[in-house]
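What follows is calculated from the coordinates using simple rules that are stated; it is not laboratory data. These numbers come from a predicted model, not from an experiment. Heads up, the Cβs are rebuilt from the backbone with ideal geometry, glycines too, and the neighbour counts pull from every protein chain shown.
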Amino acid sequence: MAASASSANHILSPPSPSFPSPPPPPSTTKFSHLSFLNSSSSSSFASNISFPNLSHSLILRSQQPPLFITNAALKTAESLNISLSKTIDPTHITSTTKPTILVSEKLGEAGLDLLRTFGDVQCLYDLSPEQLCKEISKFDALIVRSGTKVSRQVFEAANGRLKVVGRAGVGIDNVDLQAATELGCLVVNAPTANTIAAAEHAIALLASMARNVAQSDASVKSGKWQRTKYIGVSLVGKTLAVMGFGKVGSEVARRAKGLGMNVISHDPYAPADRARAIGVDLVSFDEAISTADFISLHMPLTPATSKVFNDDTFAKMKKGARIINVARGGVIDEDALVRALESGVVSQAALDVFSKEPPTQDSKLLQFENVTLTPHLGASTKEAQEGVAIEIAEAVVGALRGELSATAVNAPMVPAEVLSQLAPYVLLAEKLGRLAVQLVAGGDGIKSVKVAYRSARDPDDLDTRLLRAMIIKGIIEPISSSFVNLVNADFTAKQKGLRISEERVLVDSSPENPIDSIQVQISNTESKFASAESEHGNVSIEGRVKYGMPHLTRVGSFSVDVSLEGNLILCCQVDQPGMIGRVGNILGEQNCNVSFMSVGRTVKRTKAIMAIGVDEEPDKNTLKKIGEVPAIEEFVFLKL
Ligand SMILES: NC(=O)C1=CN([C@@H]2O[C@H](COP(=O)(O)OP(=O)(O)OC[C@H]3O[C@@H](n4cnc5c(N)ncnc54)[C@H](O)[C@@H]3O)[C@@H](O)[C@H]2O)C=CC1
Ligand SMILES: O=C(O)C(=O)COP(=O)(O)O
């Protein structure tokens with residue numbers, strides 16, 4: 001049956017499927033988002049920045065129509081080379097309107113210099129939470145240390161402009177990651193540059209606490225000479241429990257071993273062989289705290305570690321234990337610590353961090369002579385501050401330039417080599433999502449999407465998070481006002497009630513190619529183009545990368561081969577001579593250039609599918625004429 005004029009109009013109308021009554025999104029339309037797009041886009045500041053060698057950019061759009069990677073981008077080989085590790089060369093960036101970067105706490109000069117070569121940097125220190133909320137909508141990026149609380153209110157007040165929050169340091173407990181993720185804002189940190197500084201500070205506190213350095217210093221300065229009072233304890237032969245065997249904890253352990261201490265550690269997630277390699281036994285929490293003379297805390301503050309040192313756990317400690325905290329104040333119940341100090345269960349404490357910083361002057365912790373306090377100085381060495389500043393400046397500039405970050409906290413960290421391999425498939429994934437959703441007729445909405453990756457690679461060798469995010473983007477963006485990016489893709493899908501299931505199909509092909517083909521199926525829904533339905537009633541399409549370009553290779557049960565660029569017409573017709581010529585003529589009459597054409601059929605002289613790539617969008621009349629060709633049973637026009 002030929003498509004009627006009215007059905008042709010229907011086919012031309014915007015995609016109609018809906019999602020099953022999603023919970024109301026948190027006013028997503030006004031949020032900023034990161035997205036792969038072309039550098040020639042006209043969106044936000046990106047329009048004014050040219051990124052040579054970087055036409056494939058992950059950058060923000062704010063209240064802009066969706067934009068997608070074009071073939072021009074794809075054809076540029078370098079554009080596929082999204083690098084995580086490359087040094088940022090600001091001379092590669094020409095800009096008329098620079099991104100704006102707010103630095104809310106003191107940052108090393110080298111980092112500021114790097115930021116200034118890229119954006120307009122404003123250093124506004126000591127902002128109150130209200131002032132921060134007032135200012136934030138003027139900025140594309142925010143850089144903080146531990147003293148700025150980046151709450152949900154801050155993300156909401158950003159009104160969609162804030163693209164990246166950079167934490168110049170490790171701990172991100174002062175950033176509301178859930179809010180950042182929901183609103184599509186990337187959070188990056190600088191996880192390595194202050195490790196040694198923090199470890200050295202812990203060792204400094206350990207040694208000075210054992211020898212009463214701070215106390216005796218104050219005593220001498222007050223005119224006293226109390227040699228008996230300040231007799232200390234030796235470290236050699238004592239047991240140190242390192243709580244949290246991560247970057248800092250392991251460096252503390254290494255140094256403590258050098259001081260002749262017996263070091264044990266508790267960390268439920270650390271590999272035992274890494275600990276054993278430096279002569280440290282990983283033990284249970286209770287064993288660590290009950291056998292140690294000194295306990296040094298190096299775990300992050302999380303819901304699981306909050307106040308993990310409390311009345312119960314202090315009660316299990318060896319009488320007279322000594323505690324060092326260079327991690328986060330919140331891991332200790334400070335009232336319980338006061339009680340433990342009063343009872344003598346804890347004989348000394350050295351604290352760099354507090355549940356509230358600075359602690360109030362009436363805090364009892366300030367009144368114990370056997371408690372040594374420093375004002376969150378763990379990361380405060382010249383070297384660490386310069387290192388952290390450069391590390392965070394590179395991460396923030398990289399994110400603003402559209403690169404995926406190696407230190408992303410709320411998005412997959414994809415290593416550079418994996419990324420450059422996956423880049424063409426990223427584009428394929430988005431195009432397939434976009435095509436599949438346009439083939440859905442509507443009805444009950446889209447509830448379930450099945451993705452099958454055919455690959456010769458070992459499952460552990462194929463990270464599909466990036467591809468899944470792009471499929472979600474391709475499916476959701478054409479039919480909603482949500483903007484989807486790597487940060488919020490899974491969250492947005494969940495919000496919309498869209499279930500994505502992924503399957504790996506092992507195939508016998510070259511493992512050099514990460515993926516042989518990707519199949520996207522939208523389950524239990526009718527298609528505008530019945531031939532796209534599989535025998536199970538799913539809208540089903542498949543594609544692969546050929547010569548670096550995404551190709552559509554299967555529609556329903558028909559094999560085709562058409563490059564996914566520009567626009568696409570799918571026709572289902574009786575398999576007979578002259579069809580290509582007739583449709584080609586109709587398009588030619590309207591000066592509509594055919595870029596690709598492919599015909600697929602299952603059985604000779606029965607039914608065939610024609611996939612026609614067109615550079616220009618044919619007008620309604622032209623499409624109507626195609627629909628009126630008697631042998632054409634159905635057709636659909638799709639924008640890629
Ligand atoms: N005072 C300061 O200026 C500084 C403080 N820090 C803080 O030190 C802490 C550690 O930093 P990094 O070593 O760089 O982080 P990391 O992520 O490398 O190490 C944290 C370790 O804690 C472990 N962990 C998680 N939950 C645990 C639990 N319940 N019990 C025991 N271990 C647990 C993890 O498995 C991980 O190995 C962070 O909280 C960070 O914010 C870091 C740098 C400077
Ligand atoms: O890196 C960390 O986690 C720190 O605690 C350092 O904090 P700071 O940057 O010195 O405020």
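A few notes on this one:
- For THR100, the residues whose amide H sits under 5 Å from its own are ASP120, ASP140, ALA141, ignoring neighbours fewer than 5 places away on the same chain, with H placed 1.01 Å from N.
- According to the Cα-based calculation, Rg over Rh for the stretch 350-442 is 1.30, with Rh computed by the Kirkwood formula.
- Estimated inter-spin distance, LYS307 and GLN131, nm [label 7 Å along Cα→Cβ]: 3.2
- Placing +1 on each Lys and Arg Cβ and -1 on each Asp and Glu Cβ, with no other charges, gives the stretch 209-316 a dipole about its Cα centre of roughly 660 debye.
- Cα convex hull, the stretch 189-295: 119 Å³ per residue, rounded to a whole number.
- Using the alpha-carbon positions of the stretch 457-569, Rg (one decimal) and Dmax (whole number) come out as 14.8, 41 Å.
- With semi-axes defined as the square roots of five times the eigenvalues of the C-alpha gyration tensor, the equivalent ellipsoid of the stretch 154-234 measures 46, 14, 9 Å, largest first.
- Karplus-derived HN-Hα couplings along the stretch 330-338 (A = 6.51, B = -1.76, C = 1.60, θ = phi - 60°), whole Hz, x at Gly and Pro: x, 6, 10, 7, 5, 5, 5, 5, 4
- More than 18 angstrom apart: percent of Cα pairs within the stretch 378-504: 60
- Under-5 Å amide H pairs with LYS528, H placed in peptide plane, nonlocal only: VAL440, ALA441
- Sequence ranges 347-355, 224-232, 495-503, 198-206, ranked by mean other-Cβ count within 10 angstrom, highest first: 198-206, 347-355, 495-503, 224-232
- Rounded Å value of the spacing that divides the Cα centres of the stretch 524-575 and the stretch 163-214: 49
- Max-minus-min Cα coordinates of the stretch 138-194 on each principal axis give 32, 18, 18 Å, with the largest extent listed first.
- Distribution of pairwise C-alpha distances over the stretch 506-640, 5 Å bins, in %: 2, 10, 19, 22, 19, 15, 8, 3, 2, 0
- Cα-based values for the stretch 247-329, radius of gyration first and Dmax second, are 12.4, 34 Å.
- Phi-based couplings in Hz for the stretch 460-467 (Karplus 6.51, -1.76, 1.60; Gly and Pro marked x): 5, 9, 10, 8, 9, 4, 5, 5
- Eigen-decomposition of the gyration tensor built on the alpha-carbon atoms of the stretch 514-574 gives equivalent ellipsoid semi-axes of 20, 14, 9 angstrom, largest listed first.
- Cα principal axis extents for the stretch 580-640, largest first, Å: 32, 22, 19
- Packing, taken as the mean count of other beta carbons within 10 Å per residue, orders the peptides 164-172, 108-116 from highest to lowest as 164-172, 108-116.
- From most to least packed by mean Cβ count within 10 Å, the peptides 452-461, 562-571 give 562-571, 452-461.
- Once backbone amide H atoms are built at 1.01 Å from N, ALA321 has SER347 as its partners under 5 Å, excluding neighbours fewer than 5 places away on the same chain.
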